[in-house]
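Read the figures in this text as sums done on the coordinates, not as results from a lab. All values derive from a computational prediction rather than experimental measurement. When we count neighbours, we look across all protein chains shown, and the Cβ atoms used for this are built from the backbone with ideal geometry, even at glycine.
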Amino acid sequence: MHSDLTSRRNWLRRASALACAPALGGWHALAHADSLAVGRPAPPLALRTLDGRTIDTRDLHGQVVILTFWATWCGPCHTELPVLSAYAAAHAREGLTVLGFSLDTPDSLADVRKMASSLAFPVGLLGGAYAGGYGRVWRLPVNFTIDRAGMLADNGWDDDSPAWTAERLEHIVTPLLRR
């Protein structure tokens, strides 16, 4: 029963993303479900930060990495980002790296910079709704966690409530930092 429900939920998510694809700027293949399975290698992704640096997840082996996708117009993101920022600042010395991908458009850059100025992690514009091997970002916020070995430890698409809370960070990320 549970796997049947999970299969239906995954099908609906893929179908929803396909239906939204033309409205989001063109067709892109969705990430294959197996490529985002927990315990499998995390797809690489590079963040081009607001200050022009490039941070590639392939260069972060040995770190616990959280990829967070958000936007200035996303209400739940305004709740999640301060929690995630405080956690990132508190755990940076333990090997935590957070990369923030804003789905805002370049004409909203001033708003992104303002919001990013209060965050303890680097931020950049994703440049569209497509995030490489993570597929098309169709809900916000959404997060993915990569363990020190480069394996996907938490898949934001499979979570019913993907936003970070202090409790969820303690449950999912803190154990990864202790390894």
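Data for the structure
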item: Relative contact order (%) - criterion: Cα under 8 Å, at least six apart; region: segment 35-179; result: 34 percent
item: Percent RCO, i.e. relative contact order, over segment 50-131, from Cα pairs under 8 Å lying at least 6 residues apart; result: 35 percent
item: A71 long-range amide H proximity, modeled H, under 5 Å; result: L103
item: Contour minus Cα-Cα distance for S35 and D111 (0.36 nm per residue); result: 24.0 nm
item: Inter-site label distance for D59 and E94 at 7 Å from Cα along Cβ, in nm; result: 2.6 nm
item: Fewest-first sequence of T97, T49 by Cβ atoms within 10 Å of each Cβ; result: T49, T97
item: Hz values of 3J(HN,Hα) by residue in segment 104-116 - Karplus curve (6.51, -1.76, 1.60), Gly and Pro given as x; result: 5, 8, x, 6, 9, 4, 4, 5, 5, 4, 4, 5, 5
item: For W157, distant residues with modelled amide H under 5 Å away; result: none
